[in-house]
Each structure stands twice: as structure tokens, then as C-alpha cells.
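**Student:** This is the structure I want to talk about, given as C-alpha cells.
Each reported figure results from applying straightforward, stated rules to the coordinates on display, with no laboratory input. Everything numeric in this text was worked out from a predicted model, so none of it was measured. No Cβ is skipped: glycine too gets one built from the backbone with ideal geometry, and neighbour counts run over all protein chains shown.
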4 protein chains.
Amino acid sequence: MSDILNKLSRILEQRKQAEPDSSYVANLYSKGQDAILKKIGEEATETVMAAKDGQADKIIYEIADLWFHTMILLASQNLGPDDVLKELDRRFGISGIEEKASRKKEER
Amino acid sequence: MSDILNKLSRILEQRKQAEPDSSYVANLYSKGQDAILKKIGEEATETVMAAKDGQADKIIYEIADLWFHTMILLASQNLGPDDVLKELDRRFGISGIEEKASRKKEER
Amino acid sequence: MSDILNKLSRILEQRKQAEPDSSYVANLYSKGQDAILKKIGEEATETVMAAKDGQADKIIYEIADLWFHTMILLASQNLGPDDVLKELDRRFGISGIEEKASRKKEER
Amino acid sequence: MSDILNKLSRILEQRKQAEPDSSYVANLYSKGQDAILKKIGEEATETVMAAKDGQADKIIYEIADLWFHTMILLASQNLGPDDVLKELDRRFGISGIEEKASRKKEER
């Protein structure tokens, strides 16, 4: 599962050269950044609605949509998922916390 | 980079048992789903604002925040990032597209 | 200007009986509440984007869109703009504040 | 009810000269436009959540919050509710539609 974001990222990169009407993503690029941002706003709202409905399938579906459109934004700025993952790693000190967590386990 | 989502997912799982005031995440769980959803709405808005400002650092920062809070929502529903990655894989047929893409490369 | 909200409210009320394909509003009602809520999320995002662009015309246009769709939500719940105006009056104690404000003026 | 928006608008105008810590609105102005926009995003999300909960009181409360913060945005741009009402009047041709609507009534 773990390299899907990078695979998707490469696909999104390739779509930048594609004709606008060749795919959904190529079309979205051609409409410009505002069109991408509108989709991010939409998908966030739909994620909230899915959660209020309490339907796991819909929640997964809408979060996938939300991540997908944030990845299109990243690609449009020549950024990628690794930049976000690095930030998550840095901010939440994942490695460090993991160490502490596993140390705690050992101490038990 | 690729297993950061899974590491973060495990941390979020552990925080479910933690005292509300022991961490930001534990506190958010204790406030209930609406508090998580409000954060998702907020972070989506801040992502849009960062993109309008055109600052790469801020875009990365806000998308990290957005992904992070969607992962808290997933954890609160006993779901995880793999569910989202599987959906992205299924929907955008990444393996299939990749195959075509690599075949194209070979043909060049 | 001041009774436009009430006039619009009456129009939205009438549209509830109309055929789905007779107007935009009738169509939105027929799609159900989720469709109305998605529009509210969209228009809020577009308001934020218009403000970041700093274009007065666009800001007015998007806020009009946002108010319009919240009024459709109100109508769908058999509520109206007066309920919102009463809440604004109650919460921000407009009459009271006005009195203080005019008293201050007289004292100058 | 109908002139509450204008009264509120005048109050918001006065708050521009107030000390940042003298009121919520004065404080929000002092934080700058991004703080106002974040609130608009938040209140839109909370409106959606209130509607999903199906609680009339909460819907009214959140829409009041949403209108209030859009009015702060308008004031910060030296715009006001009348600009939005004029746009609603223009766009949805309220006078015109009203005429048709009342004509229809007479014909019945």
C-alpha cells in the first residue's frame, strides 16, 4: 500500500503534459488553480457530511477524494506527497514518539 | 517516507486510550466527532488560503494539517490510511495506469 | 433594500411546489439537503478565494451566492431570514448597542 | 426585522476605530483578513454540521454566525449588506419575479 501516493504522484506529474480533454486531471490543471481549490473545499465539505452520516464507505471515499485533490494542488506547485509526509514526520516527531512508545512496551 | 502514514496511524490508535489532557489528539478525541470535523473544515480553508498566497511552505504545512485531521477522523472510526490508499488504488487504477506508463517507456 | 430578503424568502417558498426542472432552486430542493449543503461549502470556499483576490465585485457576488444558498437551507427547514435576523439582534444586542452608540454621540 | 443588517453594519463600521481588545470584532479586524476568512470557513462547516443534525435552533445559530462574519469581511473592504442585497435583487430579478408571482395570484 505504502507507495501508492508516490505512484499517484508520478501519474499526476505525467498528466501535466497531457491534452486538457484527455483526462479529468489534465482538464483540472487546464482550468487553473482556482478550480483545484474549489474541489478541495467541496471534498472537505463532503467528508464532513459523510462522517455525520456515519457511513465508513462514504468516509473513505470522500477522504480519498480530498487527498487526491490536495495531491493535484501539490503537483501543480511542483510539490509532492513526500513533502507532506516529511512535514508530518518533523511535526509530530513520529520516529521519536515511536521509540518512546516501543520503549514503553518493552518496559511493561 | 512511505510508512509514515502507518506509523502515524499506530500513534493515533494508541492515543485513544490516553487521558484527554495528555496530548492534542487525545483531547480532540475526548471532544467528540464534531470537534474533529470542524478542524477538517478549518484546515481545508487554510489550505485554500495558503495556495492563494502561493507560498510552498505554507501549502505543505496546511495539507499536512488537513491529512493529519482526516487521519484522526479515520482512527475515530476504526479506519486507517490503508483504507484510503486502497480506494485511491482502486479508483484511479494506479497499477494498471503504471503498467501502461512503463510500457510506454519501454516502447520509446 | 431592506425587504429583499423577505421577498426572496417568499420566492423560495413558492419554488417548493414547483417542478424540479422548472428552476435552479426547485431542482436543488429535489436533489435533497446534501446538495444544498454542498453548495454552502462551495460558496464559502469561493468567498474566501474572492477575498484573497481582493476584488470587491467578486466578494459581493460570492457572499450573495452564500447567503442565497443558506436561505434555501432555511426554506427547506421551514425557517426564514427573520429567524437569522432575530438571532443576530438577540446575540449582538443590536438595539442595546445602538443606544449606547447614540448616547456616546450625544455626549461628544 | 428588516433594518437589522444595516444597524449591524453601522456597528461593525464603528468597531474599526475601536481598540483591538475592546471587543470580539475589533480584535478580529486587528488580526487581519486571514482571521476573518478562517472564521467564514469554520462557520460554513458548522452550518453544514447543524443541518446534518437536523436541529433548527443550531441551523439558525450557525447561519447567524456565518452571515455575521461575512458582514465583517464586507466592512473590512468598505462594503456593506446593501451591496449583497442589491446583487441578490439584480441576479434573481426579485422585483420582476415578484411581479410575475403577484400577477399569477391575480389570475387565479
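**Student:** At 7 Å along Cα-to-Cβ for each site, give me the label-to-label distance between residue B:24 and residue A:57 in nm.
**Tutor:** Taking the two extended label points, one gets 3.5 nm.
**Student:** Take D:28, C:8 and order them by how many other Cβ atoms sit within 10 Å, fewest up front.
**Tutor:** If I rank by nearby Cβ atoms, fewest first, I get D:28, C:8.
**Student:** Nearest-to-axis residue of chain B, judged by Cβ, for the B-to-C rotation, with distance in whole Å?
**Tutor:** In residue-and-Å form, the answer is B:52, 2.
**Student:** Quick one: label points 7 angstrom along Cα→Cβ at residue C:86, distances to the other copies in nm, smallest first?
**Tutor:** 3.1, 5.0, 5.7
**Student:** Sticking with this one: So for each of B:53-59, D:33-39 I average, over its residues, the number of other beta carbons within 10 Å; can you give me the resulting order with the highest mean first?
**Tutor:** So the order, starting with the most tightly packed, is D:33-39, B:53-59.
**Student:** At 7 angstrom along the Cα-to-beta-carbon line, where would the label on residue A:3 sit relative to the other copies? Give the distances in nm, shortest first.
**Tutor:** Sorted ascending, the copy-to-copy spacings read 1.5, 7.0, 7.1 nm.
**Student:** Now for a different question. If you count, for each residue, the other Cβ atoms within 10 Å and average over each peptide, how do D:77-85, C:10-18 line up from highest to lowest?
**Tutor:** Highest-to-lowest ranking by the protection proxy: D:77-85, C:10-18.
**Student:** Right, another one. Please compute the average number of Cβ atoms from other chains found within 10 Å of each residue's Cβ in peptide C:8-18.
**Tutor:** Rounded to a whole number, the mean comes out at 2.
**Student:** If you put a point 7 Å past Cα along the Cβ direction, how far is that point for residue B:17 from the same point in each other copy, in nm, smallest first?
**Tutor:** 5.1, 6.2, 6.3
**Student:** Right, another one. To one decimal place, what Kirkwood hydrodynamic radius in Å is obtained for segment A:1-74 from all pairs of distinct Cα atoms?
**Tutor:** Hydrodynamic radius (Kirkwood, Cα only) of segment A:1-74 equals 13.1 Å.
**Student:** Between residue C:17 and residue A:90, how high is the FRET efficiency from 1/(1 + (r/R0)^6) when r is the Cβ-Cβ distance and R₀ = 56 Å? Nearest 0.05.
**Tutor:** 0.45
**Student:** How well do other chains shield peptide A:76-84, expressed as the mean number of their Cβ atoms within 10 Å of each residue Cβ?
**Tutor:** Partner-chain Cβ atoms within 10 Å, mean over residues of A:76-84: 5.
**Student:** Enter the mean number of other protein chain beta carbons within 10 Å of the beta carbon of each residue in C:50-60, as an integer.
**Tutor:** Averaged over the peptide's residues, the number is 5.
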